[in-house]
Amino acid sequence: MSSEGHPLDGASDPPSEEVPRLDMLSFENEQERSPEPQLPEWLRLLELLREQEQEQEQERERLMQLLQRYFQALGTAVPYIGLLLFPLCCSSFMLFLLETWSMVTAVNEITRGFLFLGTNGVVIHQLASVNSFTFEKRNLLSFGEAFSMSLPPMVHISMILLSLALNFVLLFRVYPGIQCVLLLLCILMPLYYFAELAHKAAGIAVNLGRSYKMPLIWFSTLGGLGIFLIGGSMVLLIVFLSWLYARRRGLEFQGIRVNGDAIIGAMNA
């Protein structure tokens, strides 16, 4: 207290506090409310494309896993079914093979030549597409990538094997000299096909496990052999069952008459 009865300035006034300025508060609020920086349009499109590619790759992997499980189950079930049906159908199946062989070898020359030219013409026409194959130049492929990439060659290889089997049957009763010439002509195109396929698939391997890698050309060849065996077995089974049904019902088999001139005229029209 002073002598005049008034309180002192230091004791009367409370300690002063700094009052924030309005412009500082507004600036901080603007910083808090300001939206996050957005990516450019091309970056967002690129991310969307990457997500779509990842989804497609996952769908392919799921499809390949489903196919692998299907073929594993099929490969497990077929031997047991064959063992169950073999004692029942052994004698009938041998009779079916003998009768089929006698029917095929008894075909006349015109029908045999038409079948020979038609089969090899279709195969050669399909094998001519080998120049359009493009393999991805990578040193190592997964099973799914290799299967999707080499599926057309697998189908072509199965056609080659089927045509060779049919040529052997059709040319069984032809003179040996004619057999040599015709079979040589039938082999040249598949040899050219395998040479081009091996050249395009050179240096590419398929990863089949942790420590085993197979060249892509052998992978395609084994796949074509598998398709040929599966397709041939299914056709043979269907024909055998139809033959067995017709034989038990007493039905007679009939041939097919084909007019080559009419077919050529229809193709040229």
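What follows is calculated from the coordinates using simple rules that are stated; it is not laboratory data. What you see is a predicted model, and the numbers here were worked out from it, not measured in a lab. Cβ: placed from backbone, ideal geometry, glycine included. Neighbour counts: every protein chain shown.
Order by neighbour count: V206, V104, fewest other Cβ atoms within 10 Å first, most last. Kindly include the intermediate steps, with their values, before the conclusion.
Values: V206 21, V104 15.
Placing the least packed residue first, the sequence is V104, V206.
With the Cα gyration tensor of segment 166-220 in hand, give its eigenvalues times 5 under a square root as the equivalent ellipsoid semi-axes, listed largest first in whole angstrom.
36, 13, 6
Go through segment 147-155 residue by residue and turn each phi into a ³J(HN,Hα) via Karplus (6.51, -1.76, 1.60, θ = phi - 60°); whole Hz please, and just put x for glycine and proline.
Working through the residues one at a time gives 5, 5, 7, 9, 5, x, x, 4, 5 Hz.
Taking H placed 1.01 Å from N in the peptide plane, check which residues at least 5 places from L141 or on another chain put their amide H under 5 Å from its amide H.
A205, V206, N207
How would you order 162-168, 242-248, 214-220 from highest to lowest mean count of nearby Cβ atoms within 10 Å?
So the order, starting with the most tightly packed, is 214-220, 162-168, 242-248.
Fewest first, what order do M149, M64 take by the number of other Cβ atoms within 10 Å?
By the 10 Å Cβ count, ascending: M64, M149.
Could you size up the charge dipole of segment 178-253 around its Cα centre, putting +1 on the beta carbon of Lys and Arg and -1 on that of Asp and Glu, and report it in debye to the nearest 20?
With Lys and Arg at +1 and Asp and Glu at -1, about 300 debye.
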